[in-house]
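The values are calculated or read from the model by the stated rules, or taken from the named source; none is laboratory data. If you're wondering where the values come from, they're calculated on a predicted model, not measured in any experiment. Note: ideal-geometry Cβ built from the backbone for every residue, glycine included; neighbour counts use all protein chains shown.
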């Protein structure tokens, strides 16, 4: 489009005393000011005045597009065969059909032209839109246009559920124009690529040829900050050359997202709340904020946010996602599913909603339905390991460790360094009684976690430490097991299962006193714990047989001298009924001699 | 350890107390402030120059935050803790930060108590969320070494609440080394110490407050004589009129079961400080044990008039109703006191006793368990647990709890007797014998150890030992003037049979005569007497022990069976509110 604008100033055309150039400028100004109807009116007149000059037809179609008259615009272009000759018109026509959700039609237009390459048909008239291919190659504007066409094609493919082709198109678009953030965003946000593929993509982009030297690093940094945030905990610092960007909300949200994936929910919440204070409807931040509200169980805040969102943006999936999350949080699963499916109908590709949909089933132990939802999610988000991980979890819960392991392996192939996946692999190894293997996985995961946060670990990793403890116990490394359990107690104090695990280790080590103590603690928090109850009974019994009866009691009991005089001065001991009418015994005071008892 | 009392330079102490009071009350640590003020009041004969002390010694930062802090503390005083926290958010000074964290802590704790359900039960897990987040914040600050003595105290309190006892202890010690003048820290630390060795191994600052701390720990560890020693030394040093010290002395006497001196101390305390409610619950325990009904009634009414809604008042009233055998009402008052403060140890234990009276074992177990949660050193709660499990016929549990109780009070015969009985039920007679012997050797309060020992010997056919024990029992019974007709008659009967078997006819006759004073065994005694007569005439000792053994056996089992039934439920023996020896 700009290409036309660029060439326009060369000639001034005056038709019937009307300065067409000025009129064209007027149309453009109206468009800029969003006065589409006025623009439409004058563009229409221009077409007649210039007798159908390509430029004027294009802008007329453009105004039609802007006033949502898609079919009319498309028809206009196609009736003049411009879609076959003009790249920009072709794009516009296809875009019109895309807007009407006529995917096939849009593709047809794009493909048709592809076959009869534009250049050969191009009647090179006064306008530069239709220059030869050779020239086109060099013209950056046309190159951008090609990129746009690829982007559109990708969107169409994606809408047609042909994700592989879509991915190719987006990639191509990005290669043709490294500044084409939209294509990048589609690739990243729709989780089309795995972490490694994303890296490769960034590597393959032609930064050096397409942008000025000083922007190369800048662009690389911005893109990198958007890449996979969850596959492994990472450090995040804004490098010094770009420190001026530290206030940029986009980057701040990225930071928050990393905190989120590192399970530092409170910090994430702090950041997202601050962002939303500055920019209450930041679309990037909202899903994150919703997720963190769920994690922190702030149902009231979520309720209010969801209400506001639904009022303002009823046609955005994120609003209904928020509502669904609210119901998920307060454990009302029916409405959860209702609202989440509303979100997914608005945008079939809205991954988080599918995952939450699965969670709502998982919560009720509806494993099959949960898995179905996760499967859908996994198809939508090829590059994201979470759905696969969840499927594995569900298989694990339904006692199907083999399949579970297969999915975990798949997850691991997507995100080889995610401690969560490593942890689950460890769990599977544990249930398969491969203790050494389990220990290996757990330690691996722990190393990944600790690599990032040495001094303060987050509570989320309490199960990992406990599982390490269990594994060490199985491997008979009791001291180490205790160490891990104690660590987990620091992360998650007063956890009854940790207490009973510690008790168990102590029992195995033969320290029954401590074992009893810990089982007691476990039971004081969770009274119906069958394991602890049984263990406590056994351990107390063992303890009481091994222990001395009471503190510093004698080994043998010294005997009392039996040689007693029966002191009968105690005739105070009157019999109860006072009928001590028997013989007077008071005078029977005698020393009774006995053999010394020993 | 006992004492370097030379650090008790009264002038210094007084200055310290005034400083401590100022610091604590500025931070709204009201209990520590009160304590400092009380002690300072008792030193009113010491003259110090108040001018430099009273003046505002604020740092520069504090002046910048001055407005924030006074606003927040005003809200704090009005119990609007969240509001206080909001205005303190950005405070940088240590004092501001402490008040900020402290407001959050108090706000959440208050919410927790307000939200707590009426039923007693294990605490809800979710309610500790705030403690966890406080811990995370404070541990980050601690790692950066940014916490002052007061913040460290708060950190320790949070850790303690989260049951991370070891860490809590380290933090308290660190806090004391930074801020020895904060009595609250000493007090929190005192509850964590489990034995004398641990006390000695702590790297505490040598400060005059340490003496008071050690005394308090001694009291908690039931080392009452040592504690009294320290207090008496302090009195000699010139701190004579301190209500705190006097109350501690009273508690020590109470623990030692020196009821009369304890009562005297409490009366004196009431004279000095008539409107005092602290420790009055212990006083009411004493009155309960002495069954001084009018005094207890008077105390109850008086406390009620001072403040109905105090834990101490509720406990006093609860005891009053318990003495009147209105156990439901008693439970109600103990529950009220727990509603006011769920961590009030005495009420949990007393409520456990009341539930025992009401034969509500499971509720009793709950109450005792909570008591132990609050303070693991409460031997009465352990003992109560032992009793409940005895009723529930879970002998090993019962044994364990008695054993815990006995460890806490090694020289209390009641625990040892209970232990012996538990062993007896498990047919571990050797252990049982050891326990009974030990019980009588430490001074038997209830006078049952010997007879039980004797019966055990009898059951094991250790005739001589049995005879020895029975005769010792009779001796003791005569000396102490305690009566148990059944036991005595049994003792005499056994002795009669024993002598008869050994051919000591005179002694046998004598014993039989004594035995005949009791109605129960009259027929048997007649048989014995007849037999003695026969023996005398035949002058040939005959072995007739078969029948005797039979009777003994049956009697023994009868006796044991009786023990199985919850005789401990009779109010006096059940309650550990020390009946007078």
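Within region A:69-94, can you find the residues that are free of Cβ contacts under 8 Å to residues at least 12 places away in the same chain and not in a helix (DSSP H, G or I)? Those that are free of Cβ contacts under 8 Å to residues at least 12 places away in the same chain and not in a helix (DSSP H, G or I): A:69, A:81. Of the residues contained in region A:380-391, one or more are found to be modelled with pLDDT of 85 or more, assigned to a helix (DSSP H, G or I) and within 29 Å of residue A:473 (Cβ to Cβ).
Identify the residue in region B:156-177 that is under 23 Å from residue B:212 (Cα atoms) and buried (at least 24 other Cβ atoms within 10 Å of the Cβ) and, among all such residues, is farthest from the other protein chains (Cβ to nearest Cβ). Checked region B:156-177; the qualifying residue farthest from the other protein chains (Cβ to nearest Cβ) is B:176. Cβ-Cβ distances below 7 Å connect no pair with a first residue in region B:348-370 that is without any contact (Cβ under 8 Å) to a residue 12 or more places away in the chain, a second residue that is part of a helix (DSSP H, G or I), and a separation of six or more residues or different chains. When A:101, A:84 are checked against the criterion of being touching a helix residue (DSSP H, G or I) at 6+ places or on another chain (Cβ under 8 Å), surrounded by fewer than 21 Cβ atoms within 10 Å (Cβ to Cβ) and on the phi > 0 side of the Ramachandran plot, A:101 stands alone in meeting it. Taken over region B:487-497, the criterion of being farther than 9 Å from residue B:515 by Cα and at the interface with chain A (Cβ under 8 Å from one of its Cβ atoms) is satisfied by B:495 alone. Condition (residue is out of contact with any strand residue (DSSP E or B) (no Cβ under 6 Å at 6 or more places or on another chain), within 12 Å of chain A (Cβ to nearest Cβ), more than 29 Å from residue B:218 (Cα to Cα) and crowded, with 21+ Cβ neighbours inside 10 Å) applied to region B:377-389: is it met by at least one residue? Yes, there is a match, as at least one residue in region B:377-389 is out of contact with any strand residue (DSSP E or B) (no Cβ under 6 Å at 6 or more places or on another chain), within 12 Å of chain A (Cβ to nearest Cβ), more than 29 Å from residue B:218 (Cα to Cα) and crowded, with 21+ Cβ neighbours inside 10 Å. Taken together, the residues in region B:499-515 that are part of a helix (DSSP H, G or I) and over 44 Å from the mean Cα position of the chain (by Cα) amount to 11.
Contact map, region B:503-519: first residue more than 13 Å from residue B:529 (Cβ to Cβ) and more than 7 Å from chain A (Cβ to nearest Cβ), second residue surrounded by fewer than 24 Cβ atoms within 10 Å (Cβ to Cβ) and at pLDDT below 70, Cβ cut-off under 8 Å, separation 6 or more or different chains; pairs are B:503/B:541. Could you please find all residues in region B:505-538 being closer than 23 Å to residue B:476 by Cα and surrounded by fewer than 20 Cβ atoms within 10 Å (Cβ to Cβ)? Within region B:505-538, B:506, B:519, B:520 qualify.
Suppose the filter is buried (at least 24 other Cβ atoms within 10 Å of the Cβ) and closer than 24 Å to residue A:542 by Cβ; does residue B:415 pass it? Answer is yes for this residue. State whether one or more residues within region B:417-435 are out of contact with any helix residue (DSSP H, G or I) (no Cβ under 7 Å at 6 or more places or on another chain), touching a residue at least 60 places away in the same chain (Cβ under 8 Å) and either on the phi > 0 side of the Ramachandran plot or not in a loop (DSSP other than H, G, I, E, B) (or both). Looking through region B:417-435, none of the residues is out of contact with any helix residue (DSSP H, G or I) (no Cβ under 7 Å at 6 or more places or on another chain), touching a residue at least 60 places away in the same chain (Cβ under 8 Å) and either on the phi > 0 side of the Ramachandran plot or not in a loop (DSSP other than H, G, I, E, B) (or both).
Please determine whether any residue of region A:39-47 is free of Cβ contacts under 8 Å to residues at least 40 places away in the same chain, touching a helix residue (DSSP H, G or I) at 6+ places or on another chain (Cβ under 7 Å) and part of a loop (DSSP other than H, G, I, E, B). Within region A:39-47 (the criterion being free of Cβ contacts under 8 Å to residues at least 40 places away in the same chain, touching a helix residue (DSSP H, G or I) at 6+ places or on another chain (Cβ under 7 Å) and part of a loop (DSSP other than H, G, I, E, B)), the answer is no, since none of the residues qualifies. Of all helices (runs of 4 or more DSSP H) completely enclosed by region B:298-411, which ones contain at least 2 residues that are modelled with pLDDT of 90 or more? So the answer is B:311-323, B:327-340, B:345-357, B:361-374, B:379-391.
Quick grid of which residues meet (1) touching a strand residue (DSSP E or B) at 6+ places or on another chain (Cβ under 6 Å); (2) crowded, with 21+ Cβ neighbours inside 10 Å; (3) within 14 Å of chain B (Cβ to nearest Cβ); (4) under 30 Å from residue A:267 (Cβ atoms):
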| position | (1), (2), (3), (4) |
| --- | --- |
| A:432 | no, no, no, no |
| A:439 | no, yes, no, no |
| A:458 | no, no, yes, yes |
| A:476 | no, no, no, no |
| A:487 | no, no, yes, yes |
| A:491 | no, yes, yes, yes |
| A:495 | no, yes, yes, yes |
| A:508 | no, no, no, no |
| A:511 | no, no, no, no |
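The set of residues from region B:343-364 being within 14 Å of another protein chain (Cβ to nearest Cβ) and either closer than 19 Å to residue B:112 by Cβ or surrounded by 22 or more Cβ atoms within 10 Å (Cβ to Cβ) (or both) comprises just one member, B:348. Test residue B:466 against the stated conditions and say whether it is modelled with pLDDT under 75, more than 8 Å from every other protein chain (Cβ to nearest Cβ) and either assigned to a helix (DSSP H, G or I) or closer than 27 Å to residue B:393 by Cβ (or both). Judged against the criteria, residue B:466 is not a match.
In region A:382-394, the residue that is farthest from the chain's Cα centre (by Cα) out of those that are surrounded by fewer than 24 Cβ atoms within 10 Å (Cβ to Cβ) and within 21 Å of residue A:168 (Cα to Cα) is A:382.
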